[in-house]
Amino acid sequence: MGRLFGTDGVRGVAGRDLTAELAMDLSVAAAHVLGDAGAFTATGRRPVAVVGRDPRASGEFLEAAVVAGLASSGVDVLRLGVLPTPAVAHLTSALGADLGVMLSASHNPAPDNGIKFLARGGFKLSDAVEDEIERRLGEEWSFPVGSAVGRVRDAYGEADRYISHVLTSIDGRLDGLDIVVDCAHGAAHMVAPEALVRAGARVEAIGARPDGLNINAGHGSTHLDKLQQIVVSRGADLGIAYDGDADRCLAVDHTGAIVDGDQIMAILAAAMHAEGTLAKDTVVATVMSNLGFKLAMRDAGINVIETAVGDRYVLERMKSDGYNLGGEQSGHVILLDHATTGDGLLTSLHLLSVVAASGRSLRELAAVMTPLPQILINVKDVDRAKSTASELTAAVAEAEAELGETGRVLIRPSGTEPMIRVMVEASSEDQATKVAERLADVVRAACA
């Protein structure tokens, strides 16, 4: 059996992989591990945890199990209700909580769910702490009794504290902007439209009627068709799409063209650079960011630091080296001056603020970078351990020489499947396709 914790907490099909029993056991173990490590406050009061969730039906029973596990371990619990992951992260810090818990499976379909633990301050737990929680699952514990048990109360009104926080992070207002916002029938369905209206925008919300079963279904950042259609038919200035837990966002311009995470980062980086607020004139991105992004940043006098794929690796580099902007092509954008994690609502407000302040359309602003054609081929049923085979290394070197400065090759073995990913960028789609197919053939031959 592999590691229970993945790159973003513990996930699985709720009721089968992620059961109420497992949720309770994880919460009990987390309470004890963090308590033993001295992560809980030493002020003499009981530790406090905040618990939030997205609207999935399974979140109701999983929330009950998590709350029971924490309270039975002597932790006081504030139930936040349905809120985005970044809202729970912010409130973990703002309320001085010792632990945050978010129940969500992000952009996954409704039957899935997940548990993510956040440390004091609202940051994700380290791999080492997650491993210790997993190791101590099912241990015999001495549970508190009587007045020592944790108490539980609802704190649904704290959503307004989060909305106020994201609004105070931007300068100026969004008066005059006509926006369509797709909430993916997810965790942002209340707070996102409310925040955008308070900021002065005219807002039409779609995907904002969750029923517990329709999260991400045909809506949100992984299904942009409806948003594109409505933006164009309404004649709106632009559209914003969040995923199920609203820790990321994508956009579409007034013509319906998609503006991805790389383009959003490029717009924000250019604006922050001009204002002198971009720390060390550097933005942090992953190896999957488009070469067009890196070329645009180079031309703008902005450095790009690359990390492995995953927003947690972006955040680690930002924290360790003092950078304040980073993210992924998928729309996870981290504005570290204002948030401890990717925050779709915060990102969209800052993007819209640049649009409003500049008087330029999103389409004009997105032209700061020209995305190069990117072809990705997943070569399946191969030995991923052979991704450094000499024949493949030689073929990659030949391809890189052919592409020159206007192209790139990335060979990535899958972390979980017998598969090697071949990604090629080039100045034309035809060239990118030819090179990618050629390298895929080499992978099949050299990595069989």
### Query
Name the residues in region 226-264 that are hydrophobic (A, V, I, L, M, F, W, C), in a helix (DSSP H, G or I) and under 28 Å from residue 52 (Cα atoms), would you?
227, 264
## Note on the structure
Taking region 308-330 and the residues there that are closer than 22 Å to residue 366 by Cα and polar (S, T, N, Q), the one that is surrounded by the fewest Cβ atoms within 10 Å (Cβ to Cβ) would be 324
### Query
Based on what the data block shows, is residue 23 open to solvent by less than 10 Å² (accessible area, probe 1.4 Å) and either touching a Gly at 6+ places or on another chain (Cβ under 8 Å) or farther than 22 Å from residue 121 by Cα (or both)?
yes
### Summary
Selection over region 82-108 where residues are among the hydrophobic types (A, V, I, L, M, F, W, C) and on the phi > 0 side of the Ramachandran plot yields a count of 0
### Query
For residues in region 34-92 being basic (Lys, Arg) and surrounded by fewer than 22 Cβ atoms within 10 Å (Cβ to Cβ), which is modelled with the highest pLDDT?
79
### Query
Within region 241-256, can you find the residues that are more than 22 Å from the chain's Cα centre (by Cα) and touching a residue at least 40 places away in the same chain (Cβ under 8 Å)?
254, 255
### Query
Yes or no: residue 244 open to solvent by less than 20 Å² (accessible area, probe 1.4 Å), modelled with pLDDT of 95 or more and out of contact with any Leu (no Cβ under 9 Å at 6 or more places or on another chain)?
yes
### Query
Within region 112-130, restricting attention to residues that are farther than 17 Å from residue 54 by Cα and of a type in the set (D, E, K, R), which residue is least open to solvent (accessible area, probe 1.4 Å)?
130
#### Entry: Residue check, residue 175 of a type in the set (Asp, Glu) and open to solvent by less than 50 Å² (accessible area, probe 1.4 Å)
no
### Summary
Within region 57-93, residues in contact with a Gly (Cβ under 8 Å, 6 or more places away or on another chain), more than 17 Å from residue 190 (Cβ to Cβ) and aliphatic (A, V, I, L, M) come out as 57, 70, 71, 75, 77, 89
#### Entry: Which numbered condition residue 98 misses (of (1) open to solvent by less than 10 Å² (accessible area, probe 1.4 Å); (2) closer than 19 Å to residue 212 by Cβ)
(2)
### Task
Return only the number of the condition from (1) out of contact with any Cys (no Cβ under 9 Å at 6 or more places or on another chain); (2) within 30 Å of residue 419 (Cβ to Cβ); (3) at pLDDT 95 or above that residue 344 does not satisfy.
(1)
### Message
Just checking, does region 396-418 include any residue being in contact with a Cys (Cβ under 7 Å, 6 or more places away or on another chain) and either under 16 Å from residue 371 (Cβ atoms) or free of Cβ contacts under 8 Å to residues at least 60 places away in the same chain (or both)?
### Response
no
#### Entry: Filtered residues of region 128-160 (kept if free of Cβ contacts under 8 Å to residues at least 12 places away in the same chain and more than 18 Å from residue 47 (Cα to Cα))
128, 135, 140, 157, 160
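The values are calculated or read from the model by the stated rules, or taken from the named source; none is laboratory data. Note that this is a predicted model, so its numbers are computed, not measured. As a convention, Cβ positions derive from the backbone with ideal geometry for all residues, glycine included, and neighbour counts pool all protein chains shown. Ligands, DNA and RNA are stripped out before the accessible areas are found, and what is left, the full protein with its side chains, is counted by its heavy atoms. Shrake-Rupley method; radii C 1.70, N 1.55, O 1.52, S 1.80 Å.
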